[in-house]
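Only one structure is covered here, and it is reproduced in the block below.
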C-alpha cells in the first residue's frame, strides 16, 4: 500500500490508520531520512516521474494526497504530477488509486484550485488504473491549512472586517472522518472507479464556523463583511493575521466563492458511520493542538 503525501496533514493520519487496520504501508516521501511516521519510508517524488516505478513496485493500491497549492504554477505542476503518477500506477499493475479531491458543483464557475482538483481526478486514471475519488470541503483538524486559517483568525482578531466569502456555505468534515472514509473505500468492490462526496453533519457559512470556534474558545468576535474587499486584498489580509502564505491564501480565497456542499451521500452506504458534528471536530482539533504544544 503506497501513500503519496504520507507526511502531510491527512497522510500521516492515514498511514497510522492503515497500519492499525493491518495493512503494510509504504510512506512515499522526498526526504526518507527525515520521515519518522508510520509505515516504511520509500523515496518518491510526483514531480520526478523516474522515481515512481520503484516506489510502487509490488503495491496493490496507492493513495494520492499531494498538491502544489503554494505555487503560482500549481495547475501545470499538479497536472504533470497526476499524469506521471497514473502512468506509473498502470506500469506497476495497481488495482486502485484513491484520491482526495474537492467538492463543488460541476455547473458552477469553479475556482482555479477546484478546477485543478477535477483535472487531477481524470489524469490519475490515464494509466488504466481505476480511481476512487473522495471530494471534501473544509477538513477540520490540527495542521490543516483551512482549519488553521479559521482558528488563527479567531485567536488573533476579536473583531474582523471580512470579505464577502464569509457568507459562502460549506460542509466541513473532521479529519478523522475523512481518514475513516479513505480506509473504508480501499479495495471495496462498490467503491472502485467511483466518485464520492464526503462532509460532516452540518452545512455552515464561513462566518458561522468562525463564530462557533470563538464560542468554544470563549473569545469575543464581531464580524463586519465588506463586499468590495477583493480576493487579492483578502489573501494579503490573511497573510498578515495568520501564518498562511499569500499564494496559498489566494488559492484558498478564490475557492471560497464556491459553495462546497454534499449533494450525493452514497458514500454512507459504502462506508456507514455517523460523522462528527462541527463543534466536536473543532474541540478535537483544539485538543490535539494543545497536546502537540
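Quick notes
- Stokes-Einstein D in µm²/s, Kirkwood radius over Cα pairs - the range 76-167 at 37 °C with 0.692 mPa s viscosity: 213
- Relative contact order (percent, whole number), the chain, Cα cutoff 8 Å, 6+ residue spacing: 19
- Nearest-ten-degree value, helix 145-156 long axis tilted from longest Cα axis of the chain: 20
- Highest-fluctuation residue, 85, 74, 273 considered, GNM on the chain with Cα pairs under 10 Å: 273
- The long axis of helix 74-92 is offset from the longest Cα principal axis of the chain by roughly 30 degrees.
- Rounded to 10°, Cα long-axis angle of helix 278-292 versus longest principal axis of the chain: 80
- Percent antiparallel among DSSP beta bridges (both partners in the chain, rounded to 5): 10
- Debye log10 I(q)/I(0) at q = 0.15, 0.25 Å⁻¹ for the range 1-87, Cα point scatterers: -0.51, -1.29
- Residue order, fewest to most surrounding Cβ atoms within 10 angstrom, among 47, 67: 47, 67
- Bridge type composition, the range 1-137 - antiparallel percent by DSSP, nearest 5: 5
Bear in mind that the values in this text are calculations on the coordinates, not laboratory data. The model shown is predicted, which means the values in this text are computed figures rather than measured ones. Virtual Cβ from ideal backbone geometry, glycine too; neighbours counted across all protein chains shown.
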